[in-house]
Amino acid sequence: MVLLVAAAPAASATDYTVGDLQGWVSGVDYTAWASGKTFNVGDTLCKHHTMVSHSLAEVGEADYKACSAGNSVQTYTDQSTKITLTRPGSRYFICGTLGHCSSGMKLAVTVAGASSSTPAGAPLSTPSGPPASDPTTESSTKSSRGEEQGLPQRERSPAAATWFLRARREAVLSIYGLLGYLVWVLSCEALSGGVNLHGNNKIRVR
């Protein structure tokens, strides 16, 4: 069974007023203002200022460092502006008025993912049966069981191979020894009483 979660905005979006009570003005350390704050997708930046000369330009990182608004992504000139943080990543803002950025009117924020624990539209799957078995695991288990039951192994360890060769050699030597003993016994009988080679005829040694 597959459950689909309907797309929904972040559970608790936060509105941040840039500079708090001071707003977007000269003489405020906006790096310190952003420090310690966690910005998530869905949050908003509210920019307020009373001076017409101030603006808010969103720029890239290089232009942010160079205080250049010539290639701005978007410029806001209204005295009250609300910017929604729609995607994760870093976003950079400066005042587009010449000299204001170098005097401190610049803001960089890092936007984290959505504040909700489940991403919008992500499928949640519930297993409807036992998990599929892994052929590799089954093969290893069968091999281990076969070894425990004493089944022959395809490969022997060097120690086992050495023991097997030694046992076989000792068995061969034992057989040769037994054969030699039998030959010796027969020889003794032949020397003492003769051996019946043809029916009842016996050859005696004098």
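The values are calculated or read from the model by the stated rules, or taken from the named source; none is laboratory data. This one's a predicted model, so the numbers in the text were calculated from it and none came from an experiment. Positions of Cβ are backbone-derived with ideal geometry, glycine not excepted, and every protein chain shown enters the neighbour counts.
The residue that is nearest to K47 (Cα to Cα), among those in segment 1-18 that are at pLDDT 90 or above and outside any strand (DSSP E or B), is V18. Taking each residue of segment 65-89 that is within 17 Å of W24 (Cα to Cα) and looking for partners that are surrounded by 14 or more Cβ atoms within 10 Å (Cβ to Cβ) and among the aromatic types (F, W, Y) with beta-carbon atoms closer than 6 Å, six or more apart or interchain, yields nothing.
For G60, indicate whether it is at positive phi and in contact (Cβ under 8 Å) with a residue 12 or more places away in the chain. For G60, the condition - at positive phi and in contact (Cβ under 8 Å) with a residue 12 or more places away in the chain - is not met. Checked against the criterion of being in the same structural domain as V28 (by TED's automatic domain parsing) and either surrounded by 16 or more Cβ atoms within 10 Å (Cβ to Cβ) or not in a loop (DSSP other than H, G, I, E, B) (or both), the candidates S72, S103 yield just one match: S72. Scanning segment 67-110 for residues being aromatic (F, W, Y) and touching an Asp or Glu at 6+ places or on another chain (Cβ under 7 Å) gives a total of 2.
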